[in-house]
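The values are calculated or read from the model by the stated rules, or taken from the named source; none is laboratory data. Keep in mind that this is a model prediction, so the values were computed, not measured. Here the Cβ is made from the backbone with ideal geometry for all residues, glycine too, and neighbour counts use every protein chain on show.
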Amino acid sequence: MQIEQDYLTPLISAINQIIKVIIFGLVMFLGIDWRIASIVFISSIITVILPKYTGKSTSLKRFTFVENLGKYTDIIYDFFTGFRQINSRTAKQIINNHNDELNNVSSSRYNYGKSKSISLSVNRAARTMVEILGFITVVVLFDQGKVSIGTGVATLGFINSFIGPLEETLYRFTTMETVKDVKNKVFLNYIN
């Protein structure tokens, strides 16, 4: 795991995307329609909270995967450093030990991948919810005669422009949340 790739890069990207979300949010509030912008903004706040909850399970599974991968790497290292000592009595035990650890690594990688997929799916559903709420708000206000068709079309365009950076931010926050336990262990080992 690379802290720069899995933590710092997503953090910087999330900050950039948050700036875009703020800009598009202000344009929607000030330039389009404050009622639609309010609905989109409030539902967006809810979606930004999701990675904190969906990432906890994924973080634990990623930590387990990294731990198992470390154990497997140690076994491979031991195998190669003791290669000359292998004989017919020890070979079967070494192969069994290798297979057990490989199964542990594979299983933990699968569990981590499954948890990450669920987290990303929940975040994607939240994004879709924001789009649907924005669309429903435009339709209701248009039906009541409170916004014109031009305002509605412009709003839907801005919602898509607003959602792109929001989705990127959610992905980055989820990535940072999933690496948190591993990052903390690396920093604690570095400090000690």
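Restricting attention to the range 103-126, report how many residues are within 21 Å of Leu170 (Cβ to Cβ) and either touching a Leu at 6+ places or on another chain (Cβ under 7 Å) or among the aliphatic types (A, V, I, L, M) (or both).
6
All of Ile19, Ile75, Ile15, Ile42 fail the test of being touching an Asp or Glu at 6+ places or on another chain (Cβ under 6 Å), assigned to a helix (DSSP H, G or I) and modelled with pLDDT of 80 or more, apart from Ile75. Scanning the range 134-153 for residues that are closer than 18 Å to Leu26 by Cα and either of a type in the set (Phe, Trp, Tyr) or surrounded by fewer than 19 Cβ atoms within 10 Å (Cβ to Cβ) (or both) yields Thr151, Val153. If you take the residues in the range 133-150 that are in a helix (DSSP H, G or I) and touching a residue at least 40 places away in the same chain (Cβ under 8 Å), which one is farthest from Thr64 (Cα to Cα)? This residue is Leu141. Residues considered: Asn111, Asn68, Asn97, Asn103. Of these, the only one that is in a helix (DSSP H, G or I), out of contact with any helix residue (DSSP H, G or I) (no Cβ under 7 Å at 6 or more places or on another chain) and farther than 27 Å from Trp34 by Cα is Asn103.
Restricting Val153, Val130 to those that are part of a helix (DSSP H, G or I) and out of contact with any helix residue (DSSP H, G or I) (no Cβ under 8 Å at 6 or more places or on another chain) reduces the list to Val153. Inspect the range 14-24 for any residue being in contact (Cβ under 8 Å) with a residue 60 or more places away in the chain, in contact with a Ser or Thr (Cβ under 8 Å, 6 or more places away or on another chain), surrounded by 16 or more Cβ atoms within 10 Å (Cβ to Cβ) and of a type in the set (Gly, Ala, Ser) and give the result as yes or no. Scanning the range 14-24 turns up at least one residue that is in contact (Cβ under 8 Å) with a residue 60 or more places away in the chain, in contact with a Ser or Thr (Cβ under 8 Å, 6 or more places away or on another chain), surrounded by 16 or more Cβ atoms within 10 Å (Cβ to Cβ) and of a type in the set (Gly, Ala, Ser).
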